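A.B. asks: One structure coming up, written as C-alpha cells, with questions to follow.
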Amino acid sequence: MSSNPNDVLVNGIRVPEGCIPAWTLDESEKNRLVDDRRPLNYNPSTYFQPIEHMGEDIIVGYLGHVESRGRAGTAKFHHEVYRQSYTYFIDYAEGKPVYVTFDQVTVHRLLQIQPRAGEPLLWYWKRIDSPKKINSRHIFMVMPFEEGPLQEFYTVNVRDFLTQEMGLIVQRADSVHDNDVISDTVLQLIEESAIIIADSSTANKNVFYEIGYADAKGKELILMQNRSAGSIFFDKAHRRGILYDMDKPEQFREELLATVKHIQNRVGQNN
C-alpha cells in the first residue's frame, strides 16, 4: 500500500487509521496459504475496518481497496457490489467462497455482504479457525455405516479404485460415530481432507449434517446417489453430483475419476 500522512502501521503494513490489513483470498489462494503455512509475500490490496464482533467467530465491518482511497489517504470503503471488478466481488456474485486473512494465520470466510442506502457495505466474515494442514492426497467418504451392497460398492468403486488409479487415500470414519452423535474426529477429517465424497441415497441425518458441515467449510464436495433412490438430493442442493447404478460400476468409476481430476486441476492440488 502507498504511504500517506493518515496511514498507521499495523503489523508492518500501512493502512488508513482505524483499519487493519486484509488479504482477500479465493479458494486456491486459501489452500496455498493453508498448505504452505508461510506468510504471504505481498502487501494486501484491501483494508478492513471492524465495527462489531458477533460472538467469537464472526466479525462485521467495512472493506476498502487501495485503488479507492480518498484524498490525503483517508479510508474509503465499498458502497456497492461491483460484479465486474475485483475478484472477491465476482466470486461472491457467482456463489464461490471468498476468504480473508487479517494476520496471515487465521482465515475467515465471507458469509454475506449487506447493502445499505448511502452507507458502506457491511461485510460479515466467519472465522474458520486457524488454517489446518490439508492433505491433498486424502479424500473423506461420507455415507451410512452399513453392511451390504452399498458397503461393497464403496469399497470396490470408490476406495480401492481411487487408490489404484490415482494413489489417493480414501478414509471413512467407521468407528467414530456413537449413538448418532457427530464426533469431533469426523469433523476434523472433513477439514483436513482435500475432497469430500458423500452418498446421499438415503435420508441419513449424520450424512446430511456432514454434507452441511463440509459445505460451510468451503470443501470440494462430490455428491453421489443411487439412481433408484428417487428424489435427487444434489439437484436441490445445487451441487455437482453423480447418479449411479450398482449394476453399472464402470460408468460410475469413469465419471468419478473425471470429476476428481477436474477438481484437482482447478484448485492446483496435483503433485
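Any read-out appearing in this document is the output of simple, stated calculations on the displayed coordinates, not a laboratory observation. These numbers come from a predicted model, not from an experiment. Heads up, the Cβs are rebuilt from the backbone with ideal geometry, glycines too, and the neighbour counts pull from every protein chain shown.
A.B. asks: Just want the answer: with Cβ charges of +1 for Lys and Arg and -1 for Asp and Glu, which residue in Tyr92, Gln112, Ser68 is farthest toward the dipole's positive end in segment 7-127?
C.D. replies: About the Cα centre, the residue reaching furthest to the positive side is Ser68.
A.B. asks: What ranking do His262, His78 get, fewest neighbouring Cβ atoms within 10 angstrom at the top? Working shown, then result.
C.D. replies: Working: His262 13, His78 21.
Ranking His262, His78 by Cβ neighbours within 10 Å, fewest first, gives His262, His78.
A.B. asks: In debye to the nearest 20, how big a dipole does segment 7-127 give about its Cα centre with +1 on each Lys and Arg Cβ and -1 on each Asp and Glu Cβ?
C.D. replies: Numbers: 14 positive and 16 negative charges, 28 e Å.
With Lys and Arg at +1 and Asp and Glu at -1, about 140 debye.
A.B. asks: Given H placed on each backbone N at 1.01 Å, which residues far from Ile242 in sequence or on other chains put an amide H within less than 5 Å of it?
C.D. replies: Correct list: Leu223, Met224, Gln225.
A.B. asks: Which lysines does Lys96 reach when only Cα atoms under 28 Å apart count, and residues fewer than 8 places away in its own chain are ignored?
C.D. replies: The qualifying lysines are Lys30, Lys76, Lys126, Lys132, Lys133, Lys205, Lys217, Lys219, Lys236, Lys261.
A.B. asks: Let me ask something else about it. Given labels modelled 7 Å from the Cα in the Cβ direction, how far is it in nm from Glu52 to Arg32?
C.D. replies: It works out to 3.5 nm between the two label points.
A.B. asks: Scan around Ile51 for amide H atoms under 5 Å from its own, H built in the peptide plane at 1.01 Å from N, and keep only partners 5 or more places away or cross-chain.
C.D. replies: When sequence neighbours closer than 5 places are left aside, the close amide H contacts are Val60, Gly61, Tyr62.
A.B. asks: Ok, one more. Work through the residues other than Ile51 whose Cβ is under 15 Å from its Cβ and net out their charges, Lys, Arg +1 and Asp, Glu -1. Mind showing how you got there, number by number?
C.D. replies: Working: positive: Arg116; negative: Glu17, Glu52, Glu119.
With Lys, Arg at +1 and Asp, Glu at -1, the net is -2.
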